[in-house]
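Read-outs: derived from the displayed coordinates by stated rules, not from any lab. Because the structure is predicted, anything quoted here is derived from the model rather than measured. With ideal geometry, Cβ positions are generated from the backbone for all residues, glycine too; neighbour counts draw on all protein chains shown.
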Amino acid sequence: MPLVNTTEMFKKAYAGGYAIGAFNVNNMEIVQGITEACGELKAPVILQVSAGARKYANHTYLTKLVEAAVIENPEIPIALHLDHGSSYELCKDCVDGGFTSVMFDGSSKPYEENVEEARKVVQYAHKYNVTVEAELGQLAGIEDEVSVDAEKAHFTDPAQVQDFVTRTGVDSLAIAIGTSHGAYKFKPGQKPQLRFDILKEVSERLPGFPIVLHGASSVIPEFVQQINQFGGAMPDAIGIPEEMLREAAKMAVCKINVDSDLRLAMTASIRKYFAENPSHFDPRQYLAPARTAIKDMVAHKINTVLGCAGKA
Ligand code: G3H
Ligand code: 13P
Ligand code: ZN
């Protein structure tokens, strides 16, 4: 099947109490690792591209890699999504360039500006059957070169969600309930917590409306341990516990964003490879196991966190 937007995926995910994985892609091995796992498990998937990824790999290379994944996996729905689009112009560029879904992230702008620009993106994108995600509230961490201090991050107000969705017509919304971007989501000794009360109130105000969780990597401890064992230095890297993500997926969360766990899987594998094979220098030798590490990690998430196996 051709690339799809997120409408059907989210409708089924909401009704079925599961979530779709949205994985950040930056190169061929990442695209292959993710989609091989999804293909084998018959899981729908969102491949997302950040502004940084577009700068690194270039729009054409990334869209063509995703098109290749669509050809190789004809039986699963794949959406190509812009992650954290900071402006109307960037979103329009991606709609024009073949994306089937875009995120307009105006969460750091004044509320009325966020509403206005999101509405403009929706008006344009919907003409081309492209779905639109927006964001309300601010997550701590790094969002595409913009760093948000933990003190400046704030939780989403459910009443504002209702107003925002009604006025903009967005198809899904990212909210801040305690997740954050990157590999250091909680301080050592701090108990990981998510504001499920906010999520519940949002779903009561907007029944059936799909919610997105950014910053939702679990920062899988085995990868952190492997990185540190083979020369890395990532003390105190902590993510969102898997059982919390499972809980969120049963509620209104239909899209779970993962980038850090891909980075960790790849880095842990490559570090181990070089430690054990110091004389090797053919990139295929260390990128093949890195791709397998990504595939295994994505399969694990589909089975234990997302619950979307067999939903294609
Ligand atoms: O939300 C941020 C994603 O992890 C993308 O990161 O902007 O470094 O590609 P990036
Ligand atoms: P992580 O850093 O937790 O993987 O979050 C990724 C993300 O939200 C991409 O938009
Ligand atoms: Zn994000």
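As I understand it, the value is the acute angle between the Cα axis of helix 283-301 and the longest principal axis of the Cα atoms of the chain; what does it come to in degrees, rounded to 10? The answer is roughly 50 degrees. With a simple spin-label model that places each label point 7 Å from the Cα along the Cα-to-Cβ direction, the separation between Glu40 and Glu276 comes to 1.8 nm. Computed from label points 7 Å out along Cα-Cβ, the spacing between Glu8 and Arg284 is 3.7 nm. Could you work out the local net charge near Val305, counting Lys and Arg as +1, Asp and Glu as -1, over the other residues with Cβ closer than 12 Å to its Cβ? Around Val305, the charge tally is -1. Packing, taken as the mean count of other beta carbons within 10 Å per residue, orders the peptides 31-41, 222-232 from highest to lowest as 31-41, 222-232. Close amide H pairs (under 5 Å, H built 1.01 Å from N) link Val4 with Ile78, Ala79, Leu80, residues at least 5 positions away or on another chain. Length available on full extension from Asp96 to Glu242: 0.36 nm per residue minus the Cα-Cα distance, which gives 48.9 nm.
Using the Cα coordinates of the chain, the gyration tensor eigenvalues translate into equivalent-ellipsoid semi-axes of 29, 23, 18 Å, sorted from longest to shortest.
With the highest mean first, a sort of the peptides 199-207, 185-193, 8-16 on other beta-carbon atoms found within 10 angstrom per residue produces 8-16, 199-207, 185-193. What does a probe at Glu72 reach in the range 277-312, counting residues whose amide N is under 18 Å from the point 7 Å along Cα→Cβ? Correct set: 283-300. In a DSSP loop and with at most 14 other Cβ atoms within 10 Å, the chymotrypsin sites (Phe, Trp or Tyr not before Pro) in the range 246-312 are Phe281. Each residue of the range 159-168 is assigned a 3J(HN,Hα), and the resulting list reads 5, 5, 4, 4, 5, 5, 5, 5, 7, 9 Hz, derived from the Karplus form 6.51 cos²θ - 1.76 cosθ + 1.60 (θ = phi - 60°), x at Gly and Pro. Over every Cα atom in the range 22-93, the radius of gyration and the widest Cα-Cα span, Dmax, amount to 12.0, 37 Å.
A simple rule links phi to the HN-Hα coupling: the Karplus curve 6.51 cos²θ - 1.76 cosθ + 1.60 with θ = phi - 60°, which for the range 15-20 gives 5, x, x, 10, 10, 9 Hz, with x for Gly and Pro. Amide H contacts of Ala174: Ala134, Glu135, Leu136, Val212, each under 5 Å away and 5 or more positions distant or on a separate chain (H built 1.01 Å from N in the peptide plane; Pro and chain starts excluded). Residue by residue, the range 100-107 carries 3J(HN,Hα) couplings of 9, 7, 9, 9, 9, 9, x, 5 Hz when phi is fed to the Karplus relation 6.51 cos²θ - 1.76 cosθ + 1.60 (θ = phi - 60°); x denotes Gly or Pro. For the listed residue pairs Lys55/Lys200; Lys92/Lys250; Lys12/Lys92; Lys187/Lys272; Lys42/Lys120; Lys191/Lys301, the alpha carbons are over 29 angstrom apart in Lys55/Lys200; Lys92/Lys250; Lys42/Lys120.
Calculated translational diffusion coefficient of the range 159-312 (20 °C, 1.002 mPa s; Stokes-Einstein with Kirkwood radius over alpha-carbon pairs) equals 125 µm²/s. Close amide-amide hydrogen proximity is noted between Lys42 and Gly310, each under 5 Å apart and 5 or more residues distant or on a separate chain (H modeled in the peptide plane; Pro and chain starts excluded).
Relative contact order for the range 72-217: 19 percent, from Cα pairs under 8 Å spaced at least 6 residues apart, divided by residue count.
Equivalent ellipsoid of the range 1-156: semi-axes from √(5λ) of the C-alpha gyration tensor, largest first, are 26, 17, 17 Å.
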